[in-house]
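K.L.:
Take this structure, written in structure tokens, and hold onto it; I'll ask about it next.
Laboratory data are not the source of any read-out in this text; all were calculated from the coordinates shown. A quick note: this is a predicted structure, and the numbers were derived from the prediction, not measured.
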Amino acid sequence: MKDYFNGGTAYYFETPPYCDILAAIGDGAENARHKSELIRLTGMQDRELRKTIEFLRRHGVVIISDSHGYYFPSNERELAAYVHQEEKRAKSVFGTLRYARQLLKKFQS
């Protein structure tokens, strides 16, 4: 595995559909593949593709997604931008949940 693999269970990565996605994704933003192109290349449905990419990510493969599409980081700048993007997204979700948690406490008391 390349540098974008950061641990996890590599066994899965040698079997379809995992190997198909890994082969279709390029290194660096300039080689990004849009979701529609990955669907065409792999023959997967949208939901199946997203779930498979999520599985790969949860098992140690760093796959960036942004306005360019999906790609493996080729440098520190790309990786740092992705980490920043995802941290902002997570903070936004948790900020939204703050009020839901407060309401849940009211219901529970």
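K.L.:
Add -39500 (n - 2.57) for each DSSP H run of 4 or more in the chain, then divide by its residues: what number comes out at 222 nm, to the nearest 500 deg cm²/dmol? It would help to have the intermediate numbers written out before the result.
P.N.:
Numbers: 4 runs with 61 residues, N = 109.
Value at 222 nm, helices only: -18500 deg cm²/dmol.
K.L.:
Then there's this: Near Lys105, which aspartates and glutamates are there with a Cα under 13 Å away, not counting those fewer than 8 places off in the same chain?
P.N.:
In chain and number order, there are no partners.
K.L.:
Using Cα-only point scatterers and the Debye equation, what is log10 of I(q)/I(0) for segment 63-109 at each q in 0.16, 0.28, 0.31 Å⁻¹, rounded to two decimals?
P.N.:
-0.56, -0.97, -1.05
K.L.:
Moving to a separate point now. May I have the extent of the alpha carbons of the chain along their three principal axes, as whole Å values ordered from largest to smallest?
P.N.:
Principal extents (Cα only, largest first): 52, 29, 28 Å.
K.L.:
Shifting gears a bit: If I take every Cα pair under 8 Å that is 6 or more residues apart in the chain, average their sequence separation and divide by the length, what percent do I get for the relative contact order? Could you put the intermediate results ahead of the total?
P.N.:
Working: 104 pairs, mean separation 31.9, N = 109.
For the chain, the relative contact order is 29 percent.
K.L.:
Let me check I have the definition right: for segment 12-62, take the eigenvalues of the Cα gyration tensor, multiply each by 5, take square roots. What are those semi-axes in whole Å, largest first? Write down the numbers at each step before the final one.
P.N.:
Values: eigenvalues 46, 38, 21 Å².
So the three semi-axes of segment 12-62 are 15, 14, 10 Å.
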